[in-house]
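Engineer: The structure follows.
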Amino acid sequence: MKLATFTREAKTRVGAVVGDEIADLSGAGLPATMLALLEGGDAAMAAARAAVANARRFPLAQVRLEAPIARPPKILAVGLNYRAHAEESGMPLPVVPIIFNKQSTSASGPFDVIHRPRESTQIDYEGELAVVIGKRCRRVPAARARSVVAGYAVANDVSVRDWQMRVPTMTMGKSWDTHCPFGPWITTADEMTDPHNLYLRTWVNGELRQNANTSDLIFNSDQIIEHLSTAFTLEPGDVIVTGTPSGVGLWMDPKGWLKDGDVVKIEIAGLGVIENRVTDEP
């Protein structure tokens, strides 16, 4: 399934994308939010699948797709996790995953605006594969990691580079409001043959900036889940953004910072497209 959160006629609810339509699951006695649906576990997911066939449908063009999870319990991110990205930065390959938080309030929709804050002009894009946790879990070995995954999505780990670089930790540079657009939906894990062989591309104003495959990940999503869950409990609705490939604005000459009016489009094969316009923060 492709599970989405959408708004139509001022009502936000959960649906399943089928072709160019969305099946409204709100009338099937299912939880009203994506987070509650994920917390319902296998039974809720099975009920959602069963409800798709008879659910009322709307054209995607007539609805607004929202962030699949309005406020994830946790947004966990991985730095310097593509070999080519490490090479372009001139840094050695990490020997353990570099983990940081993006605050949950940074989550935004797949077609929402990205705010360019007045405190910085060094705003950068990072196209990434996002993993959505579906089961409460702890100490999950990599070999069983996919059993706790609800699905996968496209994300942009928007970064305020000067705020990121001026201190040893990255959270302040990564957590600004609107700086984690993701979606356009959650493609459930059963539809993914191999999340570690997906083409990822990022365009800025139509110019291709990133063109990579998730096979270049240093630590794949299964290994990341094992690493994170060693220390703390992962919960349904947690979002893990797994790192960005080479081609970010930071390492361009001249720098490829985002400015007011720019449009960032990110596509991952099989997972869809997100597209966000940059605007000066009101």
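What follows is calculated from the coordinates using simple rules that are stated; it is not laboratory data. These numbers were taken from a predicted model, which means no experiment stands behind them. Every residue, glycine among them, receives a Cβ derived from its backbone with ideal geometry; neighbour counts consider all protein chains shown.
Engineer: What's the ranking of 60-71, 101-112 by average number of surrounding C-beta atoms within 10 Å, highest first?
Structural biologist: Averaged packing, sorted descending, gives the order 101-112, 60-71.
Engineer: If you don't mind, another one. Using only alpha carbon positions, build the gyration tensor of region 155-245, then give the equivalent ellipsoid semi-axes as the square roots of 5 times its eigenvalues, largest first, whole angstrom.
Structural biologist: Sorted largest first and rounded, they come to 22, 20, 14 Å.
Engineer: Further, regarding this structure: Sorted from largest down, what three extents in whole angstroms do the Cα atoms of region 1-141 have along their principal axes?
Structural biologist: Here the Cα extents, ordered largest to smallest, are 54, 41, 25 Å.
Engineer: Could I get the Rg over Rh figure for region 202-282? Both from C-alpha atoms, Rh via Kirkwood, rounded to two places.
Structural biologist: 1.04
Engineer: Rounded, prolate or oblate: pick one for region 74-231, where a ≥ b ≥ c are the square roots of the eigenvalues of its C-alpha gyration tensor, a/c under 1.5 means rounded, and failing that, prolate if a/b is larger than b/c, else oblate.
Structural biologist: Rounded shape, in that the Cα axes give a/c under 1.5.
Engineer: Rounded to the nearest 20 debye, what is the charge dipole size of region 46-168 about its Cα centre when +1 sits on each Lys and Arg Cβ and -1 on each Asp and Glu Cβ?
Structural biologist: The calculated dipole for region 46-168 is roughly 880 debye.
Engineer: On full extension of the chain, what length is gained from Thr279 through Ser215, given 0.36 nm per residue of separation minus the C-alpha to C-alpha distance?
Structural biologist: Taking Thr279 through Ser215 to full extension adds about 19.7 nm, to one decimal.
Engineer: Before anything else, pin down the relative contact order of the chain: Cα pairs under 8 Å, at least 6 apart, normalised by residue count, whole percent.
Structural biologist: 25
Engineer: Something else: Based on the alpha-carbon gyration tensor of region 87-158 and its eigenvalue square roots a ≥ b ≥ c, which shape applies: rounded if a/c is under 1.5, prolate if not and a/b is larger than b/c, or oblate?
Structural biologist: The shape class here is oblate.
Engineer: Note down the magnitude of the dipole of the chain about its Cα centre, charges +1 on Lys and Arg C-beta and -1 on Asp and Glu C-beta and zero elsewhere, to the nearest 20 debye.
Structural biologist: For this selection, approximately 640 debye.
Engineer: Using 29 Å as the Cα-Cα cut-off, could you pick out the over-long pairs in Lys135/Lys174; Lys11/Lys259; Lys102/Lys135; Lys2/Lys174?
Structural biologist: Among Lys135/Lys174; Lys11/Lys259; Lys102/Lys135; Lys2/Lys174, the Cα-Cα distance tops 29 Å for Lys11/Lys259.
Engineer: Calculate how steeply helix 221-231 sits against the longest principal axis of the alpha-carbon atoms of the chain, using the helix alpha-carbon long axis, and give the answer as 0 to 90 degrees to the nearest 10.
Structural biologist: Computed tilt is about 90 degrees.
Engineer: Tell me, in nm to one decimal, what length is gained between Met172 and Ile98 on full extension, where the rule is 0.36 nm per residue of separation less the Cα-Cα distance?
Structural biologist: 25.1 nm
Engineer: Could I ask something else about it? Calculate, for Asn197 and Glu88, the FRET efficiency according to 1/(1 + (r/R0)^6) with r their C-beta to C-beta distance and R0 25 Å; round to the nearest 0.05.
Structural biologist: After rounding to 0.05, the efficiency reads 0.70.
Engineer: Something else: With an 8 Å cut-off on Cα pairs and a minimum separation of 6 or more residues, tell me the relative contact order of region 78-170 in percent.
Structural biologist: 26
Engineer: About its Cα centre, what dipole magnitude does region 1-89 give when the only charges are +1 on Lys and Arg Cβ and -1 on Asp and Glu Cβ, stated in debye to the nearest 20?
Structural biologist: 240
Engineer: Between Ala61 and Trp251, what length comes free when the chain is fully extended (0.36 nm per residue of separation minus the Cα-Cα distance, one decimal in nm)?
Structural biologist: 64.7 nm
Engineer: Roughly how many nanometres apart are two label points built 7 Å out from the Cα toward the Cβ at Asp260 and Arg139?
Structural biologist: 5.5
Engineer: On a C-alpha basis, how far is the centre of region 64-89 from the centre of region 202-250 in Å? Whole number, if you could?
Structural biologist: Spelled out, the Cα-based centre of one part sits 5 Å from the other.
Engineer: Taking only the alpha-carbon positions of the chain and ignoring solvent, what does the Debye formula give for the base-10 log of I(q)/I(0) at q = 0.10, 0.11, 0.16 Å⁻¹?
Structural biologist: -0.48, -0.58, -1.25
Engineer: Now for a different question. Highest mean first, how do 126-132, 172-178 rank when packing is the count of other Cβ atoms within 10 Å averaged over residues?
Structural biologist: 126-132, 172-178
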